[in-house]
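The values are calculated or read from the model by the stated rules, or taken from the named source; none is laboratory data. The shown structure was predicted, so the numbers you read here are calculated from the model rather than taken from an experiment. Glycine also receives a Cβ, built like all others from the backbone with ideal geometry; neighbour counts cover every protein chain displayed. Areas reflect the complete protein model, heavy atoms only, side chains present, ligands, DNA and RNA absent. Shrake-Rupley method; radii C 1.70, N 1.55, O 1.52, S 1.80 Å.
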Amino acid sequence: MQWIGNISKRYRRLCAAGGDIPLSKKHSSRKKRNSNAAADKKAEQSINSGAVQKKTPAVSPPADENISAVSQVKEELAAKKAAAAEKRAQKKAEFNAKLNSLAIYLSRFGRYIILMFAGLAIKAGSGIARLAKYLWKRSGNFTAFILKKLGYLLILIMSPFVKVVHAFRRAVSDIKKNSKSKGTGAAVKIAFSHLGEFIFGSTGVAVTVFNIAAPIICVAFLFNIVAYASNLRYCVKLTVNDKFLGYVENEQVYFDADEILKERINYLGSDESIRLVPSFSIEVVNEGEMLSKYQVADMILEYSDISVEYAYGVYLNGVFQGAIPDNTPVNEALEGILDKYRRLYPDADISFRDSVDCSTAGLYLSGSIIETDWLISQLTGIKANAGYYIVEENDTFEMICGKTSLTAQQIKLLNPGIDTSDLHPNQRIKIREEIPFLSVNVSLVEEYDTEVPYTTEYHNDDTLYSGVTRVTTEGSNGKNHVTASVTYVNNMETSRKVTAVRVISNPVTEHIAIGTKIPPEQYSSDDAGYGKFIWPMEIGKSHISEYTQWDGGYAGHLGIDIVAYYGAPIFAGASGTVIHAGSNYGYGNCVIIDHGNGLQTLYGHCSEVLVSVGEEVIQGQPIAKEGATGIVVGAHMHFEVRRGSEKLNPVDYLEVLY
C-alpha cells in the first residue's frame with residue numbers, strides 16, 4: 001500500500017502549496033520539473049530507509065479512508081482538466097475570431113488596392129486614348145507605327161496591374177474553396193500565403209516596386225554625386241611666411257591683396273614695409289571657404305608687427321584716401337548731397353559721378369586714420385567756383401555766345417530771367433556753375449512738345465505781274481510729342497537722346513505764287529473794274545472786321561476795315577499810279593492809287609508807307625503795312641473805292657472776300 005502513501009503525501013504537499021494550481025499544468029521550465037521529481041524520489045527514499053533503519057512496521061490506514069482520499073483527488077484532477085479544456089476552447093474561439101477579422105480587413109485592403117490600381121489604369125488609358133486620337137489626326141502616314149508602339153507601351157504599363165488582378169482573383173478563389181472544405185483556419189493560412197506571394201513573390205508588389213524604384217534611385221544617386229562634385233572646386237592653398245592663411249580662388253587674389261597692402265602702408269608717404277614670402281598649392285575645397293583679397297590683406301596685417309587699427313577704408317574712384325573709425329557720419333553726409341537732387345528730380349536716377357566707397361572694413365595702419373569731420377568737409381566742399389563773363393562795350397548776346405563757346409540756351413539756363421536784348425557794360429553773366437568736390441549725375445526721362453517748322457514752296461503764276469508775290473496757302477508749324485533720356489551733371493545738361501517721337505500734327509507747307517506776267521509799258525485799267533480788284537492783304541491771315549454802311553456797317557462808314565496783324569503787308573488792288581503817300585488827317589498814313597479809268601483806291605491807317613507819289617505800281621505789289629495811325633481803334637487797314645468824289649461799295653469791286 002506504499003503507492004497510497006505516496007499519493008497522500010503529494011496531496012498534502014499540494015494543499016500546503018495552496019491547492020489552487022491544477023496538477024495537469026505544465027511547468028515552463030524543464031529544470032523545475034526535474035527538481036520536483038528529484039525531491040519526490042529523495043523523500044520516498046528517506047521514508048523507505050527510515051522504515052528499514054527503525055525496523056518499525058508500517059501501520060496501514062483504514063481501507064475506507066484511503067479509497068475516499070483517492071476518489072477526492074481524482075475528482076479534483078478531473079475538474080481542473082475540464083476547466084483547462086474549457087479555457088483552451090475559449091482562447092481558440094477568440095483566436096479564430098481575430099483571424100476572421102484580419103481576413104476581412106485584408107480582403108477590404110486588397111479590394112481598395114485593386115480599385116486604386118484600376119482607377120489609375122483607367123486614367124492612364126484615357127490619357128493614352130486621347131493622345132492616340134490626337135496623333136491619329138496629326139500623323140496619318142505614321143498611324144500604324146504609332147499604334148504598334150502605343151500597344152507595346154500599353155502592355156508595358158498594364159502588365160503589372162493585370163498580374164495583380166489575376167493574383168487577387170486566384171487568392172479569393174482559393175480562400176473561398178479552403179474555407180468551405182477545410183475551415184476558417186485553412187482559409188486564413190491560404191490568405192497569408194497569397195498575401196506573402198502578393199508582396200514578396202516573383203511578380204509581387206515588392207519586386208515590381210523595386211524594379212521601378214531601383215532605376216529612379218540610381219538616377220537620383222547619380223544626380224547627387226554630380227551635384228556634390230559641382231560644389232567642389234580646385235582652389236589655391238595660400239601660405240605667407242610659413243603661416244597658413246586659407247584658400248583663395250587663384251593666385252591673383254594674393255597679388256590684389258598685396259596691392260591693397262601697398263595702398264594702406266604707403267599712405268601719406270609711410271616708410272613701413274612688410275616682407276612677404278607666399279607659397280601656393282592646389283587643393284579641392286568647398287566654395288564657401290574662399291578668402292577675398294580684403295580678408296587676405298587683413299590677415300597679413302594681423303600677423304605682422306606693424307601697428308594697425310580696425311577701421312573703414314575710404315576709396316575715391318578705387319584709390320585709397322585713408323581710413324575712418326566710423327563710416328556712419330560719412331554715409332549720412334553723402335546721402336544728404338543726393339537728397340538735395342532727389343527733391344529737385346523726384347523721378348530721376350541720381351548717383352555720384354565719382355565712385356565713393358567707405359564700406360570696406362578691415363585692419364589699417366594707425367597712421368592712415370583720418371578725422372571724420374575733415375573728410376566730410378572735403379567731400380561736401382567745392383572743387384571750383386562759378387565762372388562769370390563781364391559784358392564789354394558794344395557786346396551783343398550773339399557775340400557773348402561766341403566768346404564763351406556756349407549756346408544761347410545754356411547761358412539762359414545759367415542766368416534765369418536774363419534780358420538778352422538789354423545788356424550793358426560791366427554786367428556779370430554766369431558762364432559756369434560752381435563745381436562741387438563730388439559731381440552728381442541726374443538721369444531722367446523727359447516728355448515735351450516741340451514745333452516742327454513748315455517748309456515753303458514757290459510756284460510761278462502768270463496772272464500776277466513779274467516781281468509780285470502772293471501767299472496762296474498759309475504755312476503752319478506741326479507739333480511732335482518727344483520722349484528723351486536726359487543727363488544732367490551738377491544741374492547742367494550734358495546729353496539728350498530722343499527715344500520716341502509721336503506726331504501730334506503735321507506741318508502745313510506754305511505755297512507762294514511768283515508773278516511771271518510781263519507788265520505793260522503803260523498801266524491799263526483792265527485789271528481795275530467791277531469785280532476785278534484782288535484781295536489787298538494776305539489771304540488766310542486777314543478778314544473783314546467792319547463792313548460799309550450799305551452792308552450793315554455803322555452810319556457814315558464808306559469803306560471796309562480789314563484786319564490781319566500789325567505790320568502785315570498791304571498790296572495794290574489793281575495797277576495804277578500813286579497820287580498820295582503819307583498822312584491824311586483821320587486816315588493817318590495812307591496811300592491813294594489812281595487806276596486811270598476814273599477809279600481810285602485808298603488804303604488807310606498804315607504803319608508804314610512803301611511807295612511814293614508818282615510811282616507806278618502793279619496789281620499785287622506791296623505798297624504799305626497795316627497799322628493804327630489816324631483816328632482808329634486797333635490796328636487795321638481801311639479800304640475804299642472812289643470814282644471822282646463818289647465813294648463806291650468796295651465789296652462790289654473785289655474779286656473775292658475773306
A correct Karplus calculation of ³J(HN,Hα) over the stretch 574-586, with 6.51 cos²θ - 1.76 cosθ + 1.60, θ = phi - 60°, whole Hz and x for Gly and Pro, returns 7, 6, x, 10, 6, 10, 8, 8, x, 6, 8, 6, x
In the stretch 381-483, the GluC sites (Glu not before Pro) that sit in a DSSP loop and have at most 12 other Cβ atoms within 10 Å of their own Cβ are 393, 434
Sticking with the crude label model, points 7 Å out along Cα→Cβ, report the distance from residue 503 to residue 652 in nm, one decimal please. 4.9
From highest to lowest solvent-accessible area (probe 1.4 Å; ligands, DNA and RNA excluded), 537, 399 read 399, 537
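Taking the Cβ of residue 589 as the centre, find all other residues whose Cβ is under 13 Å away and add up their charges (Lys, Arg: +1; Asp, Glu: -1). Provide the component values of the computation, followed by the final result.
Values: positive: 625; negative: 608, 626.
Net charge in that neighbourhood comes out at -1.
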Answer rounded, prolate or oblate for the stretch 394-477, using the Cα gyration tensor with square roots of eigenvalues a ≥ b ≥ c: rounded when a/c is under 1.5, else prolate when a/b is larger than b/c, else oblate. oblate
Express the accessible area of the stretch 562-615 per residue in Å², computed with a 1.4 Å probe while the remaining protein chains stay in the model. 35
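For a test of the definition: using alpha carbon positions, the gyration tensor, and the 1.5 limit on a/c, classify the stretch 505-658 as rounded, prolate or oblate.
Details: a/c = 1.31, a/b = 1.01, b/c = 1.30.
The shape class here is rounded.
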Probe 1.4 Å, accessible area per residue of the stretch 441-498, Å²: 57
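Ranked by accessible surface with a 1.4 Å probe, highest first, in what order do 223, 352, 280 come? The partial results should precede the final answer.
Values: 223 140, 352 40, 280 80 Å².
Result, largest first: 223, 280, 352.
Rolling a 1.4 Å sphere over the protein heavy atoms, what is the accessible area per residue of the stretch 332-377, to the nearest Å²? Provide the component values of the computation, followed by the final result.
Numbers: 2690 Å² over 46 residues.
I get 58 Å² per residue for the stretch 332-377.
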How would the stretch 610-658 be classified by its alpha-carbon gyration tensor: rounded, prolate or oblate, with rounded meaning a/c under 1.5 and the a/b versus b/c comparison settling the rest? rounded
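Carbon and sulfur atoms: what percent of the 1.4 Å accessible area of the stretch 565-634 do they account for?
The value for the stretch 565-634 is 54 percent carbon and sulfur by accessible area.
Ignoring ligands, DNA and RNA, how do 422, 174, 347 rank by accessible area with a 1.4 Å probe, largest first? If you can, show how the numbers build up before the last one.
Numbers: 422 95, 174 40, 347 145 Å².
If we order 422, 174, 347 from most to least accessible, we get 347, 422, 174.
Compute the length gained on full extension between residue 79 and residue 439: take 0.36 nm times their separation in residues and subtract their Cα-Cα distance, giving the result in nm to one decimal. Kindly include the intermediate steps, with their values, before the conclusion.
Values: separation 360, 0.36 × 360 = 129.60 nm, distance 11.52 nm.
Additional length available on full extension: 118.1 nm.
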Probe radius 1.4 Å, ligands and nucleic acids ignored: give me the carbon and sulfur share of the accessible area of the stretch 340-430 as a rounded percent. 46
Taking Cα centroids, how far is the stretch 386-413 from the stretch 532-580 in Å? 46
